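The values are calculated or read from the model by the stated rules, or taken from the named source; none is laboratory data. Small disclaimer: the values here were computed from a predicted structure and weren't measured. When we count neighbours, we look across all protein chains shown, and the Cβ atoms used for this are built from the backbone with ideal geometry, even at glycine.
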Amino acid sequence: MGQKILLIVGLLALAHAGYSAAQHRVYVRLTEQRFERLPTDIIVQTLIAFLACCIGTVQFFGKFKPILITAEWQNKSWDTIGNRPSFM
Amino acid sequence: MSTSSEMQIRRSATTLRSTNPTRSPPTLSSATSHRRVEPVLYSEMAVRLNENSLEQCRTSVSALSGCVAGILGLTSYKGFLFYGFSMFFLSSLIYWYIRNEHRTFFTSLNHVFFNGFFNGLLTYVLFWTFLYGMVHVY
């Protein structure tokens, strides 16, 4: 659960930043100003949310396994591998 | 197909020689292409799982960076530059997480950095145009 918190918070922050950017756009259109760029705090919030989501994604999806097959075989004993149950 | 995979295993066996001191050293005969090396066994399921995890990371991060580019209102070349930057950022994040043991997870670091760099490009463009339309146009 602690792994997903970062992802959820990042996604919520991103959605919030997107909504504020859309609202800012509507405001600029209504007051008939020229749209230069988004306000700085929206840009900063977007980038920080992106960073948080990236870290959350790598923690959530980035589970790797060792590729050498001997790593898998280290813990097996001969009794496990050499077991051949008889017919009856 | 099987011979090429065999050659790949042998090639990687020679590069792994320096890290694994328990294997016997290669003997060079007069013919340059003959080297007695021990084949290294890779678990196919583990290789596939690692590539799958990497691909999942790449797809989700390219979708996320598409959303960010759409919200920020990036256009034309800046958008593609941002895609390149976000892929590089993801690669460095993954490298930072598996920094000490990357040899146990991948045969070479090319898998993390270079292979599949453009896999998420279409996902990126999809989310980028969608979010740009949502935020800036409507």
Exercise for review: Please state which one of A:T40, A:T46, A:T70, A:T57 is more than 27 Å from B:L90 (Cα to Cα) and of a type outside the set (A, V, I, L, M).
Suggested key: A:T70
Point to revise | Conditions (1) at pLDDT 90 or above; (2) surrounded by fewer than 17 Cβ atoms within 10 Å (Cβ to Cβ): number failed by B:E101 | key: (1)
Point to revise | Hits in the stretch B:60-84 - residues which are crowded, with 20+ Cβ neighbours inside 10 Å and either of a type in the set (D, E, K, R) or more than 12 Å from chain A (Cβ to nearest Cβ) (or both) | key: B:G79, B:Y83
Exercise for review: For the stretch A:19-33, state whether one or more residues are aliphatic (A, V, I, L, M), at pLDDT 90 or above and within 27 Å of the chain's Cα centre (by Cα).
Suggested key: yes
**Study point:** Every pair of residues 6+ apart whose Cβ atoms lie under 7 Å, when the first sits in the stretch B:108-132 and is farther than 15 Å from B:F80 by Cα while the second is of a type outside the set (A, V, I, L, M, F, W, C) and modelled with pLDDT under 90
**Key:** B:L109/B:H102; B:V112/B:Y95
Check your understanding: Taking helices (runs of 4 or more DSSP H) that fall entirely within chain A, which contain at least 2 residues that are surrounded by fewer than 10 Cβ atoms within 10 Å (Cβ to Cβ) and either in contact with a His (Cβ under 9 Å, 6 or more places away or on another chain) or more than 8 Å from chain B (Cβ to nearest Cβ) (or both)?
Key -> A:2-30, A:78-81
